[in-house]
């Protein structure tokens, strides 16, 4: 075997903090060979990003780094900033998470690529560097690179910017590319493009890749070897197939069990991992996962388990005292994680048509005027954020709207929450039309029936109100007597799985998942019929996300709620929704029962969207064909005469001239089996 | 806007100031008739209805660009035109110096956050920022006098903008430098700290930003990344503020000019108020308003030059 490109041994990183020394990374060892891809998975705070920054030498000055990092036979630790800068961007390059902030806003993208080239090759002429920059942009798939090279970062979309970042990373043919959550901030269709691109970059340069992510699907898609990190340590390390097929460590099992699958319809409840990761300060000499582990024994608490080979394979190593007992996620005949009970709903036995509708939306439209001029704003056009959307939600039903950012999902929600009167349509909530609302009193009455849970559990709770006040606020607003408020808040806290005794604390004292539960408790305070959920789990780690999803499922059954659910994560949607609508540029392109839509996607956009999601199973993932859409979402200010999807449609490319005419000139209407599964494509 | 402010000031000035009081109580006492004879041709007689006074004044500006005269008969136009450059002479150097020192120190201490250099620089700036200009100026005067006595000749002049009877190119420069050193030092001493703190905090925000880390990941050293990527972006808000302060060069420094007896705009402001010079006060206010407007325009231009994000495509 040749020497690995990167060889890390016993890497430790600690930071001073007010609470004491934080041991962010506690002994990580791995090798990455040429052309191989190493996936490092873990939740936030597991030390995966810190590991990558330690390799790059980009940690803050106050970080203390120990162990050894050998890059092509040279020790990197202990080098000065000047020495490291010769290697950074040349031998090792890095792709960061957020493409929106990782390019300097005041320099053109060309300047930034050229800088990466000339800093390592002083003899390269300006002319040659610019030519190479254009060449790189073409390589990463930026259309018209000659013109775009002079553009500034703000003129690019998020996906385009990430391409520029990858172009910079590829610029000097590095031997190692470190990608730190390169697709987390992007839409799924763009994610598929970027993952393909990273593979291309790897092929072009023959580089080793270190892929840091929290998404098991991405790992299954791209990695050869995987390290699962928890509390600053690798707890399982194996080739990708072994890891998914024969998971040994309970935490890895939990991570896999906690994610909903987009390719399976079973409505099993997800298996959440209870509790939250430990603080990395003064850890006791015990398994750091013991407090959350369902199969913990006394041996787990006596010493921290070493990472040792299991199952007789030298390349599969796990840090668990019971690793040999666990086979493929099962302990003996039982699963490691007990599957939680899911209560069955009495409403599910009633056919959909017989249930009462809680929300009916007819021809919802929202346009924003485009204004121009500095003094007198002249209207020069309109942005059609939502165009003629119609749907209904019945009692005890979850309706999900999915789509990329900018597709109009959130605008649809806000229109409903605003009780916006429609010119040529209607919104009816539990039978009451918003057009009939007269005065603030009637509006407040109706507002009891509709409540919202927001995406960001940190920003949506007032940090200066106690949890009690947060939950009690809607109760007081609707005029509940003060004596009844206290018991009701306790009841709500109990309902969402929080200890009522904690309600005198401030939101800052709770973790992300707990805060989202507080947000749900607040939404349930007024006994609504309909709860609107705007990406309620997308800001949460997977193990916590599963718990919140289960809670939502349970509440729906117990309280007979209806949900209007907006998400971009289709796996979550498949798990939680009964009906789904796929939105593209302000209109529904496909709408129907969730299993019908997911198992038999008819619109080319839905097809692409579904195929773009990486499945957390390397065998399935390799066999799947990804439809990679080209390009970005068109701007909603463009006037489109026919089907809005034409510019990116893979089906359109295969049509002959006559069939294309309809796509380009006629706006397709939703057609198919009404009420069950409809799509808006002329040819499906 | 400037026109509205100027007219409002005119009425406000008449409500508070009374040119007549300059003459009341003189020895020998002036008769009512004599006072009116002095004031009336200067459009300062309060026996004339206010609106008529205003129209005479306003039409003078609009049709002849004549801002009126002081109670002693000096032309306001001439005063402003002359004093503006005295102020500029003093303030230009001071503004340049305090901007450069402030930004330089800001960059220095931001790239050495929490180290000794940063702490010393910050501590010094906190102290100097809190010294009233009067104390700073008088302190410098005392030091300069002590210095002059020690070396036995007058190196630093503590009053005036120039000595009478100096001619020739080099002697004038040396003479000006001798006069200008102290007031400049006083202005810089109390003024630089604002830019120091602004630049430091802005740069620190940017040093921690993703694109600086990205620049380092490309192979720039930390110092190169800070100088090239962080500084450029953090200079945008600082430049805006500097652009706003440029017109201040011409409106002068009230206290400094008074202490060092420079006959600039700042001192003119005090003088017009104390002498009930209504036309002068209004002219100073109008000048200040115009300069603020120019500052805002300069700031906008500076942002457009520096920040491609606001350029109209």
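The values are calculated or read from the model by the stated rules, or taken from the named source; none is laboratory data. If you're wondering where the values come from, they're calculated on a predicted model, not measured in any experiment. No Cβ is skipped: glycine too gets one built from the backbone with ideal geometry, and neighbour counts run over all protein chains shown.
Need a quick list: helices (runs of 4 or more DSSP H) entirely within the range B:154-257 having at least 2 residues that are within 14 Å of chain A (Cβ to nearest Cβ). Explain how you work it out, then say what you get.
Details: elements: B:169-207, B:210-218, B:222-225, B:231-245, B:248-251.
Hits in the range B:154-257: B:169-207, B:210-218, B:222-225, B:231-245.
If you go through the range A:475-487 and keep only what is touching a residue at least 24 places away in the same chain (Cβ under 8 Å) and out of contact with any helix residue (DSSP H, G or I) (no Cβ under 6 Å at 6 or more places or on another chain), you end up with A:477, A:478.
If you go through the range B:1-25, how many residues are within 17 Å of residue B:270 (Cβ to Cβ) and in contact with a helix residue (DSSP H, G or I) (Cβ under 8 Å, 6 or more places away or on another chain)? Selection size over the range B:1-25: 4. Annotation for the range A:426-434: no member residue is closer than 16 Å to residue A:523 by Cα, touching a residue at least 12 places away in the same chain (Cβ under 8 Å) and crowded, with 18+ Cβ neighbours inside 10 Å.
Considering B:31, B:75, B:59, the condition of being touching a strand residue (DSSP E or B) at 6+ places or on another chain (Cβ under 6 Å) and more than 21 Å from residue B:246 (Cα to Cα) is satisfied by B:75 alone. The condition of being under 22 Å from the mean Cα position of the chain (by Cα) and closer than 30 Å to residue A:53 by Cα holds for residue B:198. Taking the criterion of being assigned by TED's automatic domain parsing to the domain that holds residue A:545 and in a loop (DSSP other than H, G, I, E, B), would at least one residue in the range A:352-359 satisfy it? Yes - at least one qualifying residue is present in the range A:352-359. Taking the range A:429-513 as the region of interest, the helices (runs of 4 or more DSSP H) fully inside it that hold 2 or more residues being more than 26 Å from the chain's Cα centre (by Cα), assigned by TED's automatic domain parsing to the domain that holds residue A:557 and farther than 22 Å from residue A:541 by Cα are A:439-447.
Return yes when residue A:125 is in contact with a strand residue (DSSP E or B) (Cβ under 9 Å, 6 or more places away or on another chain) and either farther than 22 Å from residue A:210 by Cα or at the interface with chain B (Cβ under 8 Å from one of its Cβ atoms) (or both) and no when it is not. The answer is no for residue A:125. The set of residues from the range A:140-155 being touching a helix residue (DSSP H, G or I) at 6+ places or on another chain (Cβ under 7 Å), more than 10 Å from every other protein chain (Cβ to nearest Cβ) and outside any loop (DSSP other than H, G, I, E, B) comprises A:145, A:146, A:148. Say whether the condition of being surrounded by 21 or more Cβ atoms within 10 Å (Cβ to Cβ) and modelled with pLDDT under 85 is met by at least one residue in the range B:277-296. No - not one qualifying residue is present in the range B:277-296. The number of residues in the range A:111-128 that are surrounded by 19 or more Cβ atoms within 10 Å (Cβ to Cβ), touching a helix residue (DSSP H, G or I) at 6+ places or on another chain (Cβ under 6 Å) and farther than 17 Å from residue A:162 by Cβ comes to 2. The set of residues in the range A:523-547 that are touching a strand residue (DSSP E or B) at 6+ places or on another chain (Cβ under 8 Å), within 23 Å of residue A:489 (Cβ to Cβ) and assigned to a loop (DSSP other than H, G, I, E, B) comprises A:525, A:526, A:528, A:529, A:536. The residues of the range A:632-661 that are exposed (fewer than 15 other Cβ atoms within 10 Å of the Cβ) and either closer than 30 Å to residue A:368 by Cα or touching a helix residue (DSSP H, G or I) at 6+ places or on another chain (Cβ under 6 Å) (or both), listed by number, are A:635, A:637, A:638, A:639, A:641, A:661. Would the range A:635-647 turn up any residue that is more than 23 Å from residue A:388 (Cα to Cα) and at pLDDT 85 or above? No, every residue in the range A:635-647 fails to be more than 23 Å from residue A:388 (Cα to Cα) and at pLDDT 85 or above.
For the range A:32-49, does any single residue satisfy the condition of being out of contact with any helix residue (DSSP H, G or I) (no Cβ under 8 Å at 6 or more places or on another chain) and free of Cβ contacts under 8 Å to residues at least 60 places away in the same chain?
No, the range A:32-49 has no match at all.
So in the range A:71-117, with the set limited to residues that are more than 25 Å from the chain's Cα centre (by Cα) and part of a strand (DSSP E or B), which one is nearest to the other protein chains (Cβ to nearest Cβ)? If we take residues in the range A:71-117 being more than 25 Å from the chain's Cα centre (by Cα) and part of a strand (DSSP E or B), then A:88 is nearest to the other protein chains (Cβ to nearest Cβ). Based on this model, can you work out whether residue A:164 counts as outside the structural domain of residue A:614 (by TED's automatic domain parsing), under 25 Å from residue A:627 (Cα atoms) and buried (at least 20 other Cβ atoms within 10 Å of the Cβ)? It is true that residue A:164 is outside the structural domain of residue A:614 (by TED's automatic domain parsing), under 25 Å from residue A:627 (Cα atoms) and buried (at least 20 other Cβ atoms within 10 Å of the Cβ).
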